[in-house]
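Contents: one structure, followed by commentary.
The values are calculated or read from the model by the stated rules, or taken from the named source; none is laboratory data. Fair warning: this is a prediction, and the values are worked out from it, not measured in the lab. Glycine also receives a Cβ, built like all others from the backbone with ideal geometry; neighbour counts cover every protein chain displayed. Heavy atoms of the whole protein, side chains included, go into the accessibility calculation; ligands, DNA and RNA do not. Shrake-Rupley method; radii C 1.70, N 1.55, O 1.52, S 1.80 Å.
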Amino acid sequence: IEPVVLPPLIEECLQLIHTQCEKRQLSSSFHCPQQVAVRADRTRLKQVLVNLLSNAVKYNKECGTIQVDVLPGSAGHLCIRITDSGIGIPAEQQTRIFEPFYTTKAAGEGTGLGLHICRQIVEKCHGSISLQSQYNQGTQFIIYLPVYHKRELA
C-alpha cells in the first residue's frame, strides 16, 4: 500500500483503452477536481481500473460514452466512479456479479473472475466496490478507497 495519485493513473488507463474506444466510436471523459491520492497498491489498482474500463468498452453501445469521475467520499475515502452508456446488467444478475465464475448472459466469454478479482483487490486496499445499473441504460461502478494525506509521511 502506497500513495497513488489518481489523475495520472486514470489517464494512463484511459490511454490503454483508447484504440478500443475508437473502433467502437466511444467517447471517454475524465473529471477530477484536483491532484488527489489514495492509499492503494498502484499496480493492482491499475488492474482494477483497466478491467472496469475494458468492460465499459465491451458492453457499451456503438457511439456510447464512458465517464470517469473522482469525487469526495465519506469517512476519509475518495470515490472513483466509472459510468458507461452500455447495455446494463439486469437487476436479477446484479447481486451475483462479483461472485467467482459468474458471468452475465451478455458476457458470452471470459471466466467470470474479473469482477471478483477487482473486489478482492479493492478490499485488500481497505476499500469497497459496488455497482448501479439499469438494463439497456448503462452501468456505474463505484470504488471507495482511503484518501492519502501528505501529512501521513511525517
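Things to note:
- Here is the size of region 7-79 from its Cα atoms: Rg then Dmax, 12.9, 40 Å.
- Restricting attention to the chain, the count of lysine pairs at 8 or more positions apart or across chains with alpha carbons under 27 Å apart stands at 13.
- Within the accessible area of region 1-94 (1.4 Å probe), percent carbon and sulfur: 50 percent
- Cα-based helix-to-principal-axis angle, 42-58 vs the chain, degrees rounded to 10: 20 degrees
- Accessible area in square angstrom per residue, region 10-154, 1.4 angstrom probe: 55 Å²
- Multiplying the residue separation of LYS23 and GLN47 by 0.36 nm and subtracting their alpha-carbon distance yields 6.4 nm.
- Between LEU131 and GLU62, the contour length at 0.36 nm per residue exceeds the alpha carbon distance by 22.7 nm.
- Cβ-Cβ FRET estimate between GLU11 and CYS79, R0 fixed at 25 Å, reported to 0.05: 0.90
- Degrees, to the nearest 10: 6-23 long Cα axis against longest axis of the chain: 20 degrees
- The chain - charge dipole about Cα centre, Lys and Arg +1 at Cβ, Asp and Glu -1, debye rounded to 20: 120 debye
- A simple rule links phi to the HN-Hα coupling: the Karplus curve 6.51 cos²θ - 1.76 cosθ + 1.60 with θ = phi - 60°, which for region 24-40 gives 9, 6, 9, 9, 10, 9, 9, 10, 9, x, 6, 6, 10, 9, 10, 9, 6 Hz, with x for Gly and Pro.
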